[in-house]
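The values are calculated or read from the model by the stated rules, or taken from the named source; none is laboratory data. The structure presented is a predicted model; accordingly, all values stated were derived computationally and were not measured. Here the Cβ is made from the backbone with ideal geometry for all residues, glycine too, and neighbour counts use every protein chain on show. All accessible areas refer to the heavy atoms of the entire protein, side chains included, with ligands and DNA or RNA removed. Shrake-Rupley method; radii C 1.70, N 1.55, O 1.52, S 1.80 Å.
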Amino acid sequence: MAVAFTREEDYESQAANLPDRPVSPHPNLVTATGLAAIEAELAAARAAYSAAQEHGGIAQDRTAMARATRDLRYWAARRANAQLTEPTGDPDKVLFGRTVEFERQDGRRQAFRITGEDEADPAHGSVSYVSPLAAALLGKQVGDEARVNGAAVEITAVR
């Protein structure tokens, strides 16, 4: 049979077989901002699921329903195992939820907030606590040095 005669429904059913979004094996530590973001994503996934059901569900658009179902499962699981974690203790110590500033050997200064995996966005100044950068910095204090990408950095501030 020529490809031109392949039924459109076949493509739709293939597209509807979306794999689940991978869930990290690490504890789901979140900041208050991260928890709010997860709850917003969960609400959006519920709305998308409801919309897909109202517009015919599987009979009309299998891809939309599959996407909505997949996202709903993911965000429900992330919300169910979220562990709200706020930094406590020494204010000069790099901990989850805090922003750390450091200076590189070439004089560049950078700052990143250490957050949960779902809220991490390095382009906007946040990194996951399981990232190599965070792993190198966690537990250090102002004045300490850490190795980041093979180079020494000095921690200049913690907020």
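Worth a mention:
- Within segment 103-121, the set of residues being assigned to a strand (DSSP E or B), open to solvent by less than 50 Å² (accessible area, probe 1.4 Å) and modelled with pLDDT of 95 or more comprises Ala111, Phe112, Ile114, Thr115.
- Single residue of Val130, Val153, Val94, Val100 found to be open to solvent by less than 60 Å² (accessible area, probe 1.4 Å) and touching a Gly at 6+ places or on another chain (Cβ under 8 Å): Val94
- Restricting Ala123, Ala152, Ala157 to those that are out of contact with any Phe, Trp or Tyr (no Cβ under 7 Å at 6 or more places or on another chain), free of Cβ contacts under 8 Å to residues at least 24 places away in the same chain and of a type in the set (A, V, I, L, M, F, W, C) reduces the list to Ala123.
- Scanning segment 17-50 for residues that are at pLDDT 95 or above and part of a loop (DSSP other than H, G, I, E, B) gives His26, Pro27, Thr31.
Rundown of residues vs (1) part of a loop (DSSP other than H, G, I, E, B); (2) within 15 Å of the chain's Cα centre (by Cα); (3) under 30 Å from Tyr49 (Cβ atoms); (4) of a type in the set (Lys, Arg), yes/no style:
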site	(1), (2), (3), (4)
Ala64	no, no, yes, no
Tyr74	no, yes, yes, no
Ala123	no, yes, yes, no
Glu154	no, no, no, no
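- Segment 76-91: number of residues that are assigned to a loop (DSSP other than H, G, I, E, B) and in contact with a Gly (Cβ under 9 Å, 6 or more places away or on another chain): 3
- Ala37 being within 28 Å of Ala157 (Cβ to Cβ), out of contact with any Lys or Arg (no Cβ under 8 Å at 6 or more places or on another chain) and crowded, with 16+ Cβ neighbours inside 10 Å: yes
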